[in-house]
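The values are calculated or read from the model by the stated rules, or taken from the named source; none is laboratory data. All values reported here derive from a predicted model rather than from experimental measurement. Note that each Cβ is placed from the backbone with ideal geometry, even for glycine, and that neighbours are counted across all protein chains shown.
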Amino acid sequence: MNTKILSVTGKETELIVKVCEYVEILYWGCIINTKSEGAEYSLSRPIPYGRLDTDIPMTLHPELGRGLFSSPALEGHRNGKGWAPVFQTTNVKQGRKELTIYSEDKAAGLQLVTELRLDEFDVIKLRHKLINTADGIYSVNRLANTLPLPERANELLTYYGRWVNEFQQTRMRLTQGGYQQENRRGRTSHEHYPALIAGTQYFNETHGDVWGFHLAWSGNHRMRVDVKADGRRFMQAEAIYLPGEVALEKGDSIATPWLYATHSECGLNKMSQHFHQHVRSNILNNRLTKKARPIHLNTWEGIYFDHNPEYIMDMATESAKMGVERFIIDDGWFKGRCGDKAGLGDWYLDKSKYTKGLEGVIEHVNALGMEFGLWFEPEMINKDSDLYRSHPDWLLAMDNYEQPTGRNQYAIDLQNEDAFNYLFERLDYFLSKYNISYIKWDMNREIVQPGHDGYAAGHKQVEMYYRLVDKLTAKHPDVEIESCAAGGGRIDFEVLKRTHRFWASDNNDALERQQIQRGMSYFFPPEVMGSHIGAKHCHCTRRTHDINFRGLTALFGHMGIELDPVKESETEKQGFMKYIQLHKQLRPLLHSGDAIRLSTDDDAHLAHAVIATAQDKAVVLVAQLSMPTNSLSSTLRIPGLNKDKLYSISLLDYPENFHDIVNLQPLWTKEPVVASGEWLKKAGIAMPILDPESAILIGLKEA
């Protein structure tokens, strides 16, 4: 095939792609407006001694058979043969912002279709589809997406975590060797969220070249960044296939999950804005713009498994008084469910608790002006259930092994059509019979030995989960779904295509939530992040926080409440009402503006803001995580505003003892001060002195 140099451009980003017998990205960065013919030759590499005698490209599909001695994109074989394929490009179709590349290895009997898209928000989507074109089975061990990184990308930001401590971040230098994380827990996982960020050394929220990556897959995955011996770098992301899991008959195919990526020359905030805009327009498809995001009350931390319909209706009454717009009954409503050791799978109303049925509760909730939601955990089963006693073969398991339980439960084999149909029928029954507008869809355990008919089935289990949700939403398109997996264990772009909200963490501790929500904010806009005001005494950490800190922390997401409003004091109820009303007032801005994270001079502070797209107003949260390092708290600089506009700065909310803990707080906290956007970016405002574990809310509006 003749060599072609193709350009794919977004709003600010350009990909320059070399297409010949292979496809290689020569350049990925800001748009180059002035190019001369043949300029690509300036990037031709030298060939050193002591190596292969020809230049070996870093292609979109790296191949050992071509002489690239790094992680290949494909590992597989046909009964021991065809194990080192070398694909030759046969055709390229170019759209305005996309390339579709067709390649073939006739000797191995394989075809490869590569889709590369760059949207109007500068987000890349990449995936490969492998097709077996020859007789016999081709076994696939690995199939990965690969993107190059420039040599100046020498620092990584990666994620780690656990239950009630999701989205934690860490940094590492990238000089030699590389980085790899693997998740084999059967879901997206709390431990290894499938994303990472590479950048120039010391990149931060506003400075440095950064490249962000997210793999849209809800199961086992691998993320890696390698530095080759010659200094070149690349990023690779893939679903992990268990042994024997992918065996392609002639004509069969397997596709990688979509890899999403973007570049910013202005640090992490710009990267996040690319992802947020893409999510809003191209993943959510503006599904959340039809109405304001309803404020929740979820019953879990209020009553757990202790369900009394009359009392639940009292909870709903108190919730409505405070301004709640959606009332959700959590775990404990179905047959045999008095704790977490029994009942899962028996999706029938517990008539010993709900003696008069569910209709009266729902009608009461609706009469109060609230939507009604219900909790399900469809993929799971307790052995102490009628379902298991009738269908023990429905377990996702391997015969002759006893796998460990997780929260006293097991997973259902969704590849079993009878099991799949039963779950759909039960979900469909409730959504058809009752006025249910919302499902909290939970998944509380990790997957061990996912077996179907004795074969590994981890990958297929995830695909069948997608199919179950898709089938349900096709029949009930107006029902919204929350993705919860013991909190933040199943959060990714592929889930978001079929749901509306994530439960970021089971941890409602406002102090812990500050870091959890910050980590999540790099890839997701506020309106999809469930963020609740919990009880004063946190159930997860046993910490106590006042309503100011809890309320302001929950403000910057999809807000809700997680407690028993009947038992709360009038003072607490007034506090809930205050922050519910504040959220409603700011909700149009919070759920449409540009979310940015602010750099602070003291790690004891955490600050972030949402700026209206018209740059006429903004809100800023400053959280004091711990004792200030110094007696004064420096200045807060606020980028992102129109440098030529004047803004009135005022204090919208603050702790009860705000003016009592110092001789004098900054003057702007007592009366509005006017400053330009340029002043706020470069000079900033003096930070007040705050007690640990407290927060303030700053308002900015065009003067």
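Just a few scattered comments:
- Within region 129-179, the residues that satisfy the criterion of being within 22 Å of the chain's Cα centre (by Cα) and within 25 Å of residue 108 (Cβ to Cβ) are 144, 145, 146, 147.
- Scanning region 288-310 turns up at least one residue that is free of Cβ contacts under 8 Å to residues at least 40 places away in the same chain, within 30 Å of residue 525 (Cβ to Cβ) and among the charged types (D, E, K, R).
Okay, residues lined up against (1) crowded, with 17+ Cβ neighbours inside 10 Å; (2) of a type outside the set (Val, Ile, Thr); (3) not in a strand (DSSP E or B):
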| position | (1), (2), (3) |
| --- | --- |
| 128 | yes, yes, no |
| 135 | no, yes, yes |
| 182 | no, yes, no |
| 185 | yes, yes, yes |
| 192 | yes, yes, yes |
| 197 | yes, no, no |
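- Scanning region 599-618 for residues that are out of contact with any Gly (no Cβ under 6 Å at 6 or more places or on another chain), closer than 20 Å to residue 646 by Cα, among the aliphatic types (A, V, I, L, M) and not in a loop (DSSP other than H, G, I, E, B) returns 609, 618.
- Considering region 524-579, the residues that are polar (S, T, N, Q) and within 30 Å of residue 285 (Cα to Cα) include one that is surrounded by the most Cβ atoms within 10 Å (Cβ to Cβ), namely 553.
- Close pairs from region 205-220: first assigned to a loop (DSSP other than H, G, I, E, B), partner aromatic (Phe, Trp, Tyr) and modelled with pLDDT of 95 or more, Cβ under 6 Å, at least 6 apart: 216/258; 216/493
- In region 523-562, the residue that is farthest from residue 654 (Cα to Cα) out of those that are hydrophobic (A, V, I, L, M, F, W, C) and either touching a Pro at 6+ places or on another chain (Cβ under 7 Å) or part of a helix (DSSP H, G or I) (or both) is 528.
- Residues of region 333-376 that are under 17 Å from residue 306 (Cα atoms), of a type in the set (Gly, Ala, Ser) and buried (at least 17 other Cβ atoms within 10 Å of the Cβ): 336, 342, 343.
- When residue 66 is tested against the conditions (1) surrounded by 18 or more Cβ atoms within 10 Å (Cβ to Cβ); (2) under 30 Å from the mean Cα position of the chain (by Cα), the lone failure is (2).
- In region 489-518, the residues that are polar (S, T, N, Q) form Cβ pairs under 6 Å with partners that are outside any loop (DSSP other than H, G, I, E, B) and crowded, with 22+ Cβ neighbours inside 10 Å, at six or more places apart or across chains, as follows: 499/483; 505/166; 505/488; 505/516; 508/532; 508/534; 508/562; 514/623.
- Criterion (at pLDDT 95 or above, under 25 Å from residue 537 (Cα atoms), of a type outside the set (Lys, Arg) and within 26 Å of the chain's Cα centre (by Cα)) met by exactly one of 595, 607: 607
- Residue 160 meets all of the listed conditions (1) part of a loop (DSSP other than H, G, I, E, B); (2) free of Cβ contacts under 8 Å to residues at least 40 places away in the same chain but one, namely (1).
- Against the test of being under 30 Å from the mean Cα position of the chain (by Cα), modelled with pLDDT of 95 or more and either more than 28 Å from residue 500 (Cβ to Cβ) or not assigned by TED's automatic domain parsing to the domain that holds residue 474 (or both), the options 411, 342, 397 yield a single qualifying residue, 397.
- Annotation note: of 86, 17, the sole residue that is surrounded by 15 or more Cβ atoms within 10 Å (Cβ to Cβ), assigned to a loop (DSSP other than H, G, I, E, B) and at pLDDT 95 or above is 86.
- Qualifying positions in region 42-79 - hydroxyl-bearing (Ser, Thr, Tyr) and over 17 Å from residue 147 (Cβ atoms): 42, 44, 49, 54
- Filter pass, residue 96 being of a type outside the set (Ser, Thr, Tyr), assigned by TED's automatic domain parsing to the domain that holds residue 251, in a loop (DSSP other than H, G, I, E, B) and at pLDDT below 95: yes
- Screening 317, 262 for residues that are touching a residue at least 12 places away in the same chain (Cβ under 8 Å), touching a helix residue (DSSP H, G or I) at 6+ places or on another chain (Cβ under 9 Å) and not assigned by TED's automatic domain parsing to the domain that holds residue 483 leaves exactly one candidate, 262.
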